[in-house]
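Trainee: Below: one structure in C-alpha cells.
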Amino acid sequence: MCQAAVAAMEVDGAALSLTTRPDRRQLAHATDAVAALLDEQQFTLGEGPCIEAWASGGQVLVDDVASPAGLARWPVFAPTAVAAGARAIFAFPLQMGAIRLGSLTLYRAVPGAPTRDQIANAVTMCHMAVGVMLLAGRASPNGAASEPPSWPLGGPGQGRIEVYQATGMVAVQLGVGLQDAFAALRARAFTNGVSLSQLARQVVDRHLRFHPDDSRDS
C-alpha cells in the first residue's frame, strides 16, 4: 500500500502508522530510512503531520516544510525533517466514518504541492488500507475463525513496547500518572538528543532513573 501510494502521489517515500491514542502509535511500514526516521521523530517530539492528520481527521498538506509557515507549524519537527531530506510532507488519516486507525504520511525531497488527482488517489488508498484492517481477523464464511489480524508485532504499539514499559517505570519513579510520565520521557529524549525508543531502553535496562526533585541520571 505504501509503495503504491508513493507511485500514485509521485513522492519519494511513505510511512503508514497505526494509532489508538496519542501515546500509542506503531509504525506499520516505511518505504525507506527517511520515512522511518520522520515517523520516529514525530513519536519522540509529539508534533508533525501524521499526528495532526490522526488527531484532526483531516489532510495535512505542506508543500515546503522549510518555509516560514512550515517552521512555525512544527518548530521542532520541521528542522529535523528538512535535515533528513524531506521538503514537502503530506499526511492523510486512515479513517472510515467515526473509525480512525492511523495515518499515511508521504514525503518529497523537493518542495511542491500535490495535484488534486494525486490527493484523490491518496484518499482512495487510505480507504483501501482501512478496509484491509477492518477485514483482518473476521470469521470465515463457514464460521471458523480466520487467521489472526496482521497487525505488526501483534497490535498497535506493540513494536514500541519498551516505551510503554518505561512509561510505567517513570510513573512509579516520579509518583505521577502515565500521561505525565510519558511527557517526562519525551522531554528527556529531546533534551538528550536521542529518540524516545533509545531513551526507553535506558530506563528499562535501569541505566537511567528519573528523580522527583531533579533531572539527574542514576
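Trainee: Once you charge only the Cβ atoms, +1 for Lys and Arg and -1 for Asp and Glu, what is the size of the charge dipole of the chain about its Cα centre, to the nearest 20 debye?
Mentor: Taking the Cα centre of the chain as origin, the dipole is about 340 debye.
Trainee: Contour minus end-to-end for residue 99 and residue 165, with contour as 0.36 nm per residue of separation and end-to-end as the Cα-Cα distance?
Mentor: Going from the current span to full extension adds 21.1 nm.
Trainee: Amide H of residue 32: which non-local residues (sequence gap of 5 or more, or other chain) have their own amide H closer than 5 Å, using H built in the peptide plane?
Mentor: 14
Trainee: Continuing with the same structure: Rolling a 1.4 angstrom probe over the protein chains, ignoring ligands and nucleic acids, what is the accessible area of residue 32 in square angstrom, nearest 10?
Mentor: 40 Å²
Trainee: Find which of 60, 90, 102 sits farthest along the positive direction of the dipole of region 13-107, computed with +1 on the beta-carbon of Lys and Arg, -1 on that of Asp and Glu, about the Cα centre.
Mentor: Positive-end residue among those listed: 102.
Trainee: Further, regarding this structure: For every helix of n ≥ 4 consecutive DSSP H residues, a contribution of -39,500 (n - 2.57) applies; sum these over the chain, divide by its total residues, and give [θ] at 222 nm rounded to the nearest 500 deg cm²/dmol.
Mentor: Helices in the chain give a 222 nm mean residue ellipticity of -14000 deg cm²/dmol.
Trainee: Work out, step by step, the length gained on full extension between residue 71 and residue 211: first 0.36 nm times the residue separation, then minus their alpha carbon distance; give nm to one decimal. Could you put the intermediate results ahead of the total?
Mentor: Values: separation 140, 0.36 × 140 = 50.40 nm, distance 3.34 nm.
Result: 47.1 nm gained on full extension.
Trainee: Which longest uninterrupted range of the chain lacks any trypsin sites (Lys or Arg not before Pro) assigned by DSSP to a loop state (not H, G, I, E or B) and surrounded by at most 14 other Cβ atoms within 10 Å?
Mentor: 1-137
Trainee: For region 1-84, with only Lys/Arg (+1) and Asp/Glu (-1) charged at the beta-carbon, what is the dipole magnitude about the Cα centre, in debye rounded to 20? Don't jump to the answer; show the numbers that get you there.
Mentor: Numbers: 4 positive and 10 negative charges, 67 e Å.
I would put it at about 320 debye.
The values are calculated or read from the model by the stated rules, or taken from the named source; none is laboratory data. Quick caveat, the model's predicted, so the values are computed rather than measured. Because the Cβ atoms are built from the backbone with ideal geometry, glycine has one as well, and the counts that use them run over all protein chains shown. These area figures cover heavy atoms from the full protein model, side chains too; ligands, DNA and RNA do not enter into them. Shrake-Rupley method; radii C 1.70, N 1.55, O 1.52, S 1.80 Å.
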